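Structure first, then comments.
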Amino acid sequence: MTWTDHDAREHVTRTEELLARVDELPDEHPRERATDALHAVVELYGECLARVLRHTDATTAARLAADELLGHVLLVHDLHPDPVATRVRRALQHVRGGEAELLAVDGPVVRVRLRPTGCGSSYEALHTAVETAVAWAAPEIESVESTRAASAAPTALIPVESLFRPGTTAGSR
């Protein structure tokens, strides 16, 4: 069976729900065994992916990382070929509701400048959209700090009187 990106997202959500339930096991020893088994499988798969990447060229690695599901698996194993700033910039390009400019990546903190655009766009909604996009592209980022971009200078209105030739008025035409 070949999964669509939608199928993969649904499976990731279901997997996360199942993993969260492991912590709910009432008995400590089975919970620890289940957790140890999961960590062992994840480490094994991570080593397998690292070996696959050693047999690929940079172009192939980039194509694998660009795949939504594979890119996230590579992130889990710290194997993603793109640096965090590149991934954040790419994510910001897809944010709707305004412009988001990457100012800096300082360890686990991303700093952005936001400029909401369009009717109904708010700074808060744009900030939330940026946080979501950054969390998806760079889960190692712990927080997003944003500043509001300076507003454009107000547009000067042309006085109605200046539209008419000297000595005429709107009513005398």
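Would you mind stating whether Glu10 is open to solvent by 80 Å² or more (accessible area, probe 1.4 Å), of a type in the set (D, E, K, R) and on the phi < 0 side of the Ramachandran plot? So Glu10 fits the description; yes. Working only within the range 31-66, note down all residues that are open to solvent by 60 Å² or more (accessible area, probe 1.4 Å), under 26 Å from Asp7 (Cα atoms) and either acidic (Asp, Glu) or in contact (Cβ under 8 Å) with a residue 12 or more places away in the chain (or both). Matches in the range 31-66: Leu38, Val42, Glu43, Tyr45, Glu47.
Would you call Val22 surrounded by 13 or more Cβ atoms within 10 Å (Cβ to Cβ) and under 17 Å from the mean Cα position of the chain (by Cα)? So Val22 fails the test. Take the conditions under 16 Å from Val134 (Cα atoms), open to solvent by 80 Å² or more (accessible area, probe 1.4 Å) and out of contact with any helix residue (DSSP H, G or I) (no Cβ under 9 Å at 6 or more places or on another chain) and apply them to Arg90. Does it pass? When the stated conditions are applied, Arg90 does not pass them. Residue count for the range 1-59, restricted to those that are of a type in the set (Lys, Arg) and modelled with pLDDT of 95 or more: 2. None of Arg96, Arg115 is in a strand (DSSP E or B), among the basic types (Lys, Arg) and open to solvent by 40 Å² or more (accessible area, probe 1.4 Å) except Arg115. Here the helices (runs of 4 or more DSSP H) wholly within the range 5-92 that include at least 1 residues being acidic (Asp, Glu) and under 22 Å from Ile141 (Cβ atoms) are 5-22, 68-76.
Here is a check on your reading of the model: is His72 open to solvent by less than 50 Å² (accessible area, probe 1.4 Å) and modelled with pLDDT under 90? Criteria met by His72. In the range 1-24, the residues that are among the small types (Gly, Ala, Ser) reach residues that are open to solvent by less than 90 Å² (accessible area, probe 1.4 Å) with C-beta atoms within less than 8 angstrom, at least six apart or across chains, in these pairs: Ala8/Glu68; Ala8/Leu69.
The values are calculated or read from the model by the stated rules, or taken from the named source; none is laboratory data. All figures in this text were calculated on a predicted structure; none of them were measured in a lab. Virtual Cβ from ideal backbone geometry, glycine too; neighbours counted across all protein chains shown. SASA here: full protein model, heavy atoms, side chains in, ligands and nucleic acids out. Shrake-Rupley method; radii C 1.70, N 1.55, O 1.52, S 1.80 Å.
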